[in-house]
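Just below is one structure, and these are the notes that go with it.
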Amino acid sequence: MIQTPFRHSLIGLLLLIGIGTPAPAQAELKLSGIFSDHMVLQRDQRLPVWGGADKGQTVTVTFNGQTVSTTTDDNGLWQVKLPPLQHNNKGQELFVQSSEESLIIRDVVVGDVWHASGQSNMAMTVRSVAQKIPEAKQHIADANLPAIRFRRISENEAASPQTDLPLRNGWVPCSPASAPNVSAAAFYFARKLHHELGIPIGVIDTSRGGTPIEPFIPRDAFTSHPTLKQELKLGEQEDLRGIWKLPGGVYARDANWLPGRLFHSRLAPITEFPVRGLIWYQGESNCGNREDPRDYQHKMRALITGWRKALGDDSLPVYFVQLPGSGAGPGWPYLREQQRLSSNLPHTGMVVTIDLLDKDIHPPNKIDVGDRLARWALAEEYEKPVPYSGPLFQRATIENEKITVHFSYADSGLMIAVKEGLLPPRETPDKALSHFELADASGHWFPAEAIINGKTIVVTSSQVQDPAAVRYACAIDPQHCHLYNRDGLPASPFCSKAKFFQYAPDLPVD
């Protein structure tokens, strides 16, 4: 961003000759910190441009042949709205003029902007992926993709919503030099969208490692469930231990873990900035050591509805990643189920990763993660004919000693397959399905046999004559989950009856 001032002052002359007093300093013409060189503006929506200047000043914004003017308010704030624009890969200048000052934002393109947020598995960089997956080194070398731009926001927590962002790093075009430093999940997501759509893709990355979901939920969304209400009350008192002891609470290490604190600092200043949607990868810090994953589905719903309200878009698409098995602890199976239960909100989709095997809590295969996130967006938002979801539990029917499981997203049929590295799943009909269990009426679980029958699974167990419930892949780290649809996407872990799938957390004591 280049600022070109034209002001001249007589203050020094007046002081020299001893007459008059210095006039009040004129406020500097400013733009919000989200605006910088190389930025991406959201297409097909009215585009707010805002900032500050001296009160009562006329501010004029020019972009793409359109000019809009306004007058600053008593606080010196201004905002204009540019008319909706079609996508444009060619960089242009955004020009702002007030009195004798001007600002120029260079190389501005128009396309689709996506938020990317969550914790460390969203923050994990392409460089970190390349250290374990050799193919990613070539992805970096081939990353001369100037129509993809990233904006990293990493402000510290705030007790109240902030009104602006510092400029700091600004927007960065994707190149072999910059790609290693950006979110890998977001990089592969954006790369696939750009390849399929041919338009500029912007990513605003607000993720922060090691944080639970609570600091990303807007404050006024903590009213939808008793646990959320209590967390907000304790958070306002900065009672970290109280939140930890709360059933359904979280182990809050410091203020960055408190309700709304990262939304206040990282999202609140830019809720006016139009975007196409949100991708989200988080959950580990709500089901770790002595952390309670209960009620996570209500927190996820609060995040989704809260962001939609704050950003002024009730149908904002939100696509999120279900936790894998790698690095898992006792609370992870329950949290995966909570994630599945939250995925039925409209314009919401869940990426399953239980088949991406690794030992690390930061599994390096963000290539398939980004691809699967992009599939949801391509199918749902861009109406591309691509498969985008693996089988999701729909219902279970009980007939004598067997349970038949019906799935959504199984129209292509089901198959047993093995996924090796980055290769597509390979059908292996000689293998048996594993990780299915049946529960008796008392809620005790027993291993079961599962057979594919067209688009359904028939489950039986010699130890359960009158089954009451069925579940799949509900272990801490279930190895070799081989159930896919014939589109090559994995089935989600599930439990057919919530009352038979409880979690007793190891809560702190006084």
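The values are calculated or read from the model by the stated rules, or taken from the named source; none is laboratory data. The model shown is predicted, which means the values in this text are computed figures rather than measured ones. Glycine also receives a Cβ, built like all others from the backbone with ideal geometry; neighbour counts cover every protein chain displayed.
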Practice problem: For ALA190, work out the one condition from (1) closer than 17 Å to VAL321 by Cβ; (2) in contact with a helix residue (DSSP H, G or I) (Cβ under 6 Å, 6 or more places away or on another chain) it doesn't fulfil. | Solution: (2)
Practice problem: Answer yes or no as to whether HIS435 is in contact (Cβ under 8 Å) with a residue 40 or more places away in the chain and either outside the structural domain of GLY329 (by TED's automatic domain parsing) or under 30 Å from PRO364 (Cβ atoms) (or both). | Solution: yes
Quiz item: Just one of the numbered conditions (1) surrounded by fewer than 24 Cβ atoms within 10 Å (Cβ to Cβ); (2) of a type outside the set (Asp, Glu); (3) touching a residue at least 40 places away in the same chain (Cβ under 8 Å) is not true of SER315; which one?
Solution: (3)
Self-check item: Every residue from the stretch 329-367 that is touching a helix residue (DSSP H, G or I) at 6+ places or on another chain (Cβ under 9 Å) and hydrophobic (A, V, I, L, M, F, W, C)
Solution: TRP332, LEU335, LEU341, LEU345, MET350, VAL351, VAL352, ILE354, LEU356, ILE361, ILE367
Quiz item: If you take the residues of the stretch 159-204 that are among the small types (Gly, Ala, Ser) and surrounded by fewer than 17 Cβ atoms within 10 Å (Cβ to Cβ), which of them is farthest from MET39 (Cα to Cα)?
Solution: ALA159
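Given ARG43, ARG149, ARG127, which one is assigned by TED's automatic domain parsing to the domain that holds TYR281, buried (at least 20 other Cβ atoms within 10 Å of the Cβ) and not aliphatic (A, V, I, L, M)?
Numbers: ARG43 fails: assigned by TED's automatic domain parsing to the domain that holds TYR281; ARG127 fails: buried (at least 20 other Cβ atoms within 10 Å of the Cβ).
Every option except ARG149 fails the conditions.
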Exercise. Among the numbered conditions (1) crowded, with 17+ Cβ neighbours inside 10 Å; (2) free of Cβ contacts under 8 Å to residues at least 60 places away in the same chain, tell me where GLU380 comes up short.
Key: (2)
Quiz item: What do you reckon, is TYR388 in the same structural domain as ALA116 (by TED's automatic domain parsing) and crowded, with 17+ Cβ neighbours inside 10 Å?
Solution: no
Quiz item: Within the stretch 187-197, can one find any residue that is aliphatic (A, V, I, L, M), within 17 Å of ARG266 (Cβ to Cβ) and modelled with pLDDT of 95 or more?
Solution: no
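Among residues belonging to the stretch 429-464 that are assigned to a loop (DSSP other than H, G, I, E, B) and among the aliphatic types (A, V, I, L, M), point out the one that is nearest to LEU392 (Cα to Cα). Can you show your working first?
Step one: list which residues in the stretch 429-464 are assigned to a loop (DSSP other than H, G, I, E, B), which gives 429-435, 440-444, 448, 454-455, 462-463.
Next, from what is left, pick out any that are among the aliphatic types (A, V, I, L, M): 432-433, 441, 448.
Values: ALA432: 20, LEU433: 16, ALA441: 24, ALA448: 19 Å.
Among those that are assigned to a loop (DSSP other than H, G, I, E, B) and among the aliphatic types (A, V, I, L, M), it is LEU433.
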Exercise. Those residues that are charged (D, E, K, R), part of a loop (DSSP other than H, G, I, E, B) and touching a residue at least 40 places away in the same chain (Cβ under 8 Å), I need them from the stretch 383-404; list them, please.
Key: LYS384, GLU401
Exercise. For the stretch 112-147, name all the residues that are out of contact with any helix residue (DSSP H, G or I) (no Cβ under 8 Å at 6 or more places or on another chain) and of a type in the set (Lys, Arg).
Key: LYS132
